[in-house]
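Remarks on the structure that follows.
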């Protein structure tokens, strides 16, 4: 699954997803992988979240049997991390350099779109 999310103090909002049931979904921030992605400027790669104490009890791990997560920061016009561009799967993966680069470019493009939209709303 692929997601573009915004994170507020208490909530995660899904802006886009390849899964229709996830689009426009809101969930508590504490139940999300993305809460960890937004804590710094670095991408978060978790090849075995079921074995990581930070993630093993998240509802998504249990409900979807997730075994892989990769998230890149989504940044606003002030270069603040406001969400993530991420993917997750029920199979663990080794990420190639080209896959990593593609996700980084997707996150940069999504950040530019969020920045443009933010200027239009302001």
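Just so you know, all these numbers are worked out from the coordinates, no wet-lab data involved. None of the values given here were measured: they were computed from a predicted structure. No Cβ is skipped: glycine too gets one built from the backbone with ideal geometry, and neighbour counts run over all protein chains shown.
On inspection, residue 32 does not qualify as at negative phi, touching a helix residue (DSSP H, G or I) at 6+ places or on another chain (Cβ under 7 Å) and surrounded by 14 or more Cβ atoms within 10 Å (Cβ to Cβ). Scanning segment 40-55 for residues that are part of a helix (DSSP H, G or I) and touching a strand residue (DSSP E or B) at 6+ places or on another chain (Cβ under 7 Å) turns up just one, 49. Condition check for residue 87 on (1) closer than 20 Å to residue 12 by Cβ; (2) in contact with a helix residue (DSSP H, G or I) (Cβ under 6 Å, 6 or more places away or on another chain): one failure, at (2).
So that you can scan it fast, the table gives a plain yes or no per residue for (1) in a helix (DSSP H, G or I); (2) touching a strand residue (DSSP E or B) at 6+ places or on another chain (Cβ under 8 Å); (3) in contact (Cβ under 8 Å) with a residue 24 or more places away in the chain:
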| residue | (1), (2), (3) |
| --- | --- |
| 57 | no, no, no |
| 62 | yes, no, no |
| 74 | no, yes, yes |
| 113 | yes, no, no |
| 118 | yes, no, yes |
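Of the residues 84, 92, the single one that is surrounded by 14 or more Cβ atoms within 10 Å (Cβ to Cβ), part of a loop (DSSP other than H, G, I, E, B) and in contact with a strand residue (DSSP E or B) (Cβ under 9 Å, 6 or more places away or on another chain) is 92. For segment 95-111, enumerate the residues that are part of a helix (DSSP H, G or I), surrounded by fewer than 13 Cβ atoms within 10 Å (Cβ to Cβ) and over 15 Å from the mean Cα position of the chain (by Cα). Answer for segment 95-111, where residues must be part of a helix (DSSP H, G or I), surrounded by fewer than 13 Cβ atoms within 10 Å (Cβ to Cβ) and over 15 Å from the mean Cα position of the chain (by Cα): 97, 98, 101.
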